[in-house]
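See below for the structure under consideration.
The values are calculated or read from the model by the stated rules, or taken from the named source; none is laboratory data. As the structure is a prediction and not an experimental result, all values here were calculated from the model. Cβ atoms come from the backbone with ideal geometry, glycine included; neighbour counts cover every protein chain shown. Ligands, DNA and RNA are excluded from the accessible area calculation, which covers all protein heavy atoms including side chains. Shrake-Rupley method; radii C 1.70, N 1.55, O 1.52, S 1.80 Å.
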Amino acid sequence: ANACRQRECRSPSPPFARVRPFPLCEAAQFRHNMASMGYFNVDNGYLEAMVRGYRSGILQAADYANLQQCDTVDDMKMQLQGTDYGNFLQGEPSPLSTTTLAQRCTEKLVDEFNHLKVQAVEPLGTFMEYITYGYMIDNLMLIITGALHDRDTAELMAKCHPLGLFDGLSAASIPNTAKDLYEMVLIETPIGPYFTDVLALWKSPQVGERQPGVEDLDELNIEIIRNSLYKAYLEDFYDFCKNKCSNETFEVMAGILELEADRRAINITVNSFDTELSRDDKFKLYPSIGQLHPEGTARLALCQDVDGVRAALDPYQDYRGVLAEAGVGEEKSVENAFFELEVQMNKDAFEQQFHFGLFWAYVKLREQEVRNIVWIAECISQDQRHQLSQYVSIFQ
C-alpha cells in the first residue's frame, strides 16, 4: 500500500524529458536526406549511371603511352579505334589532319552531352543549359574579335564550339557598338541578361570621367566585355547551384566555380599589365566568388608585375605554385597549372553521389582529353617529340 501511495504521489515526467535515440532535428534531417536521395534516383539515377559509364571510357595512362608511340596522325587513328572512341574517324581520308581529329573528338563529346540533356528533367535540365552558356560567351567573343580583324564570318563560325551555338550568332559580326550588339543579336538569347549587366557596369561616362565605357568594340573593350560576361555568368551559376539545387550539388560545384573565378581573376591581373585599366576597373572585372574574394582580389588589383601577383597569391596554398616557375611570357605554364587543379576537382566529383556536379565534371574531363589528343597529334605532325609528354594527365 505504501508503494502504491508513493507511485501516486510521484509527479509524471513531462513528455519532452523522455530520452530519444537522437535529437528530433537530426532525425528530421536524416529523413530529409534519405528522401532527397530517393527522389534523385527517380528523376536522375539513369542519367547519373550513363555519365559514370561515359567517364569509364576516358583514356587511361596506357592509352596515352600508346598514342605517343605513333609515327603519324593516321597511326593515332588506329590506336584510338581500340578505345571508347571506336570507329569515329572511319571514312576520313588520309593523311588525317589535327584539325579533323579535334573536330571529330569534339563531336563525340557533344553527341554524348546532348543525349544526356534531352532526357534531363528539372532542375538538371537548367543545370545542363548553364554548362553551355560559357561556350556561348566564347563563341560570341570569337565572332566579334574576328570581325574586328576583317575575318570571314563563315570561317569563324566553323571554329565555334558546337555546345555554344545559338540563333543569330553569325550576325554578331555586324554591329559596331555594344548597344547595337545587344539589341540586334543578344536580346533574346540566354546570355542576353548578362550583357545588360555589362552595359550597366560599364555605362557611358559623365563629362570629365576617365573610363570610356565599352560602347566602341575595340580590342580592349572586347576583353572587358568578355570578362564582364564571365563574371555575371559565374555568379549567376553559383547562385543557381546554391538556391535551386541540392546541398550535395552545391558542395561540389561551389569549389569548381570558385576555382574558375579565381583563375579568371589571376588572368585578368596578369593581362592588365601595361594597359589603361585602373585598380577600380580591374576590381569591377573580378568575380565576387572564390577563395581570393575579397582580400586576395583587393591585393591583385594593386599588382603591377608578376612578382606582385606571386606575393598576393602566397597566402593561398592552392595557387602558391601557379606562378612559381612561370614568367610573363609563359602563359601556357600558368594555364596548365590551372588545368591540373581543375582535373583533380572534376575527378573528385565522381567520388560522391546524388549531385549534378558530375555532369559538369564529365564535360570538362572529356574536353581536357581532347586537348591532350590534339597536343600529341600536333607534336607528332611537327616532329616535336621532346614535348609529347607535356599534356595534363587525367587518370594514371
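Quick notes
- Simple point charges give the picture: +1 on the Cβ of Lys and Arg, -1 on the Cβ of Asp and Glu, and for the chain a dipole about the Cα centre of about 2180 debye.
- Accessible surface, the range 255-315, averaged per residue in Å² (probe 1.4 Å): 42
- With θ taken as phi - 60° and the Karplus curve 6.51 cos²θ - 1.76 cosθ + 1.60 applied, the whole-hertz 3J(HN,Hα) list for the range 183-194 is 6, 8, 10, 9, 4, 9, 9, x, 8, x, x, 5 Hz, x standing for glycine and proline.
- Compared with the dominant principal axis of the Cα atoms in the chain, helix 98-117 is inclined by about 30°.
- Å² of accessible area per residue within the range 65-119, as computed with a 1.4 Å probe and no ligands counted: 52
- Along the range 238-246 the Karplus relation, 6.51 cos²θ - 1.76 cosθ + 1.60 evaluated at θ = phi - 60°, assigns HN-Hα couplings of 4, 5, 4, 5, 6, 9, 10, 10, 6 Hz to successive residues, with x for each Gly and Pro.
- In sequence order, the range 298-310 has phi-based couplings of 5, 6, 4, 4, 8, 6, 10, 7, 5, 4, x, 5, 4 Hz under the Karplus curve 6.51 cos²θ - 1.76 cosθ + 1.60, θ = phi - 60°, and Gly or Pro positions carry x.
- Element breakdown for the range 127-249 at a 1.4 angstrom probe: carbon and sulfur atoms account for 49% of the accessible area.
- Global form of the range 246-395, assessed from the alpha-carbon gyration tensor, a/c cut-off 1.5: oblate
- For P(r) over Cα pairs in 20 Å bins from 0, in percent, computed directly from the structure shown, the correct entry in (1) 23, 51, 24, 2; (2) 21, 33, 16, 18, 11, 0; (3) 22, 52, 18, 5, 3, 0 is (3).
- Around residue 231: net Lys/Arg minus Asp/Glu count, Cβ-Cβ under 14 Å: -4
- Per-residue ellipticity at 222 nm computed for the chain from its helices equals -19500 deg cm²/dmol, with DSSP H segments shorter than 4 residues left out and the rest contributing -39,500 (n - 2.57).
- Built amide H within the under 5 Å cut-off of residue 356, gap 5+: 249
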